[in-house]
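Heads up, the thing below is written out as structure tokens.
The values are calculated or read from the model by the stated rules, or taken from the named source; none is laboratory data. The structure presented is a predicted model; accordingly, all values stated were derived computationally and were not measured. Note: ideal-geometry Cβ built from the backbone for every residue, glycine included; neighbour counts use all protein chains shown. Surface accessibility is based on the protein's heavy atoms, side chains included, excluding ligands, DNA and RNA. Shrake-Rupley method; radii C 1.70, N 1.55, O 1.52, S 1.80 Å.
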Number of protein chains: 2
Amino acid sequence: MLIENLDKNTNKLRYFIVFSYNGASFFGFQKQPNQISVQETLEHALTILLRENIKIVGAGRTDTGVHAKKMYAHFDTQNNLAADLVPRLNSFLPPSIAVYNIFQVDQDFHARFSALHRTYEYYISTHKNPFTENSSWQFWRRKLEIDAMNEACEILFEYKDFTSFAKLHTDNKTNFCQIKKAIWVQQEEELLKFTISADRFLRNMVRAIVGTMVEIGTQKIKPENIRDIIEKKNRNAAGISAPAHGLYLVEVGYDFDI
Amino acid sequence: MLIENLDKNTNKLRYFIVFSYNGASFFGFQKQPNQISVQETLEHALTILLRENIKIVGAGRTDTGVHAKKMYAHFDTQNNLAADLVPRLNSFLPPSIAVYNIFQVDQDFHARFSALHRTYEYYISTHKNPFTENSSWQFWRRKLEIDAMNEACEILFEYKDFTSFAKLHTDNKTNFCQIKKAIWVQQEEELLKFTISADRFLRNMVRAIVGTMVEIGTQKIKPENIRDIIEKKNRNAAGISAPAHGLYLVEVGYDFDI
């Protein structure tokens with residue numbers, strides 16, 4: 001998809017960049033002082049290769065240790081991009097970030113504000129597996145009742161205010177989210193996958209939901225208790241936060257076909 | 001499978017143990033001074049849990065960094081093993097080793113000498129992938145011609161002496177191996193898998209074969225040149241040694257059904 005649009009005021013062109021990263025190598029997506037972030041690493045690579053000071057705006061933020069299989073960002077540039085920019089970026093960037101695609105968009109398109117929905121996956125290894133230690137939650141000492149966890153998923157659709165699964169002291173105006181999908185499936189014999197889609201997610205929300213669902217899976221709490229937890233609008237009512245290294249941002253939806 | 005056999009001389013029972021390990025955490029399988037090995041880690045765990053000095057004999061050795069999806073070893077014990085030994089071992093052992101099964105065998109069964117064949121897999125990521133950095137060879141800067149690599153595989157079956165792919169200065173009596181299977185397949189869109197089976201493998205053999213085949217895949221050498229390489233019986237004739245972290249021992253065959 002190529003949309004011709006040279007902004008008359010700034011003389012800049014807007015591009016989307018599609019990439020993945022292994023969260024283990026970064027202190028989250030967002031740039032911050034004295035820590036290596038995905039944003040800073042990408043901005044540095046683009047600035048060097050384009051010989052122009054580049055700032056990127058991500059589709060969202062992921063916390064330290066959280067992965068992204070498919071993440072989007074936009075940036076503006078005065079230069080026309082060379083056809084070989086993607087392979088050159090991949091050679092320049094560390095092994096922990098892979099760039100898939102870069103394409104031009106309308107100047108009013110925004111990686112964060114134009115996003116209509118986001119999808120996350122969470123992986124749990126239900127048997128001890130030396131090869132998934134850093135890519136899934138190793139939860140094999142107790143059995144998980146997947147049916148009970150899926151019962152709790154159904155209840156999520158009835159609510160909009162997910163304050164109970166939000167990190168305390170954030171500056172969100174509202175804690176309203178519209179959950180469109182939430183399901184646990186046995187991906188492989190020893191691997192459980194949770195998929196959740198919503199228009200937006202609160203900080204730490206997926207990990208708090210997964211932590212709570214695992215307590216339902218081990219029968220510590222009943223599926224229907226998730227109602228009380230949500231209605232209390234209090235993070236302390238919910239379960240623990242699941243480890244970051246099992247969580248993947250897997251898709252961001254826009255109203256064009258990427 | 002349970003075979004009753006109490007050795008009259010030693011009063012000991014022989015057990016097979018089936019396990020996997022992530023090679024990144026170990027300096028190879030074999031015990032050695034001042035380095036952490038799989039063998040020493042397993043022997044330590046068994047010695048503590050069985051309260052008896054346990055020595056294990058592995059089906060073979062894997063070099064530093066090489067993984068095993070399914071490895072076998074045997075050990076002798078004077079004790080009857082508790083039914084919950086496998087979960088107790090998994091709790092005691094580090095995340096980098098998983099035990100699947102422990103079962104009694106005839107006293108004359110030997111993890112190494114009773115093995116009839118071994119199978120290895122080697123994985124190559126043909127696109128940059130932040131999630132397979134430590135589990136496959138990242139080879140995405142140049143294209144690999146899989147057909148040429150499989151042509152070379154066919155030639156392997158014609159030979160028995162694989163000195164050209166053996167680490168120099170080993171104390172093997174012969175360098176003869178009977179290769180039973182050797183094939184490259186596109187496992188996933190971005191993942192190439194090499195499977196090789198033989199009655200035995202020389203030290204470093206699979207990695208030397210893979211390194212040579214990759215030079216065939218990039219058209220640096222022709223598939224039929226593998227004949228000259230083998231016939232020279234000289235390691236220097238072959239290609240580079242592929243990185244250890246793409247290599248997995250995946251099966252050891254015995255004449256009973258495990």
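Placing +1 on the Cβ of every Lys and Arg and -1 on the Cβ of every Asp and Glu, with nothing else charged, gives the range A:13-113 a dipole about its Cα centre of roughly 180 debye.
Taking a ≥ b ≥ c as the square roots of the eigenvalues of the Cα gyration tensor of the range A:72-125, is the shape rounded (a/c under 1.5), prolate (a/b larger than b/c) or oblate? Because a/c hits 1.5 or more and a/b fails to exceed b/c, the range A:72-125 counts as oblate. Measuring spread by the Cα atoms of the range A:31-90 yields a radius of gyration and Dmax of 12.3, 34 Å. Treating r as the C-beta distance of residue B:160 and residue A:154 and R0 as 41 Å, the FRET efficiency rounds to 0.05. Derived value for chain B: Kirkwood hydrodynamic radius 19.6 Å. Basis is the mean of 1/r over every pair of different alpha-carbon atoms. Solvent-accessible area of residue A:91, all protein chains in place: 60 Å² (probe radius 1.4 Å, heavy atoms, ligands and nucleic acids excluded).
Counting only heavy atoms of the protein chains and using a 1.4 Å probe, residue B:177 has close to 0 Å² of accessible surface.
The smallest convex shape that holds all Cα atoms of the range A:117-252, its convex hull, gives 99 Å³ per residue.
Annotation: residue A:149 carries an accessible surface of approximately 0 Å², with a 1.4 Å probe and no ligand, DNA or RNA atoms counted.
May I ask for log10 I(q)/I(0) of the range A:13-113 at q = 0.12 Å⁻¹, from a Debye sum over the Cα atoms as equal point scatterers with solvent left out? Summing over Cα pairs of the range A:13-113 leads to -0.34. On full extension, the segment bounded by residue A:236 and residue A:81 gains 50.9 nm, given 0.36 nm per residue less the C-alpha separation.
The equivalent ellipsoid of the protein assembly as shown has semi-axes of 46, 35, 17 Å, largest first, where each one is the square root of 5 times an eigenvalue of the Cα gyration tensor. Principal-axis analysis of the Cα atoms of chain B puts helix B:38-50 at an angle of about 20° to the longest axis. Relative to the longest principal axis of the Cα atoms of chain A, the long axis of helix A:205-217 lies at roughly 30 degrees.
Most simply put, the range A:117-252 has about 90% antiparallel DSSP beta bridges, counting only bridges with both residues inside it.
Check each of the GluC sites (Glu not before Pro) in the range B:223-258 and keep only those in coil by DSSP with at most 16 other C-beta atoms within 10 angstrom; list them in order. Loop-located and lightly packed - B:224.
With all pairs of separate Cα atoms included, the range B:92-185 yields a Kirkwood hydrodynamic radius of 17.7 Å. The slack in the chain from residue A:178 to residue A:147, taken as 0.36 nm per residue of separation less the alpha-carbon distance, amounts to 8.9 nm.
Remark: the range B:89-104, residue by residue, has Karplus-estimated 3J(HN,Hα) of 4, 5, 6, 6, 6, x, x, 7, 10, 10, 9, 9, 7, 9, 8, 6 Hz, where x stands for each Gly or Pro and the curve is 6.51 cos²θ - 1.76 cosθ + 1.60 at θ = phi - 60°.
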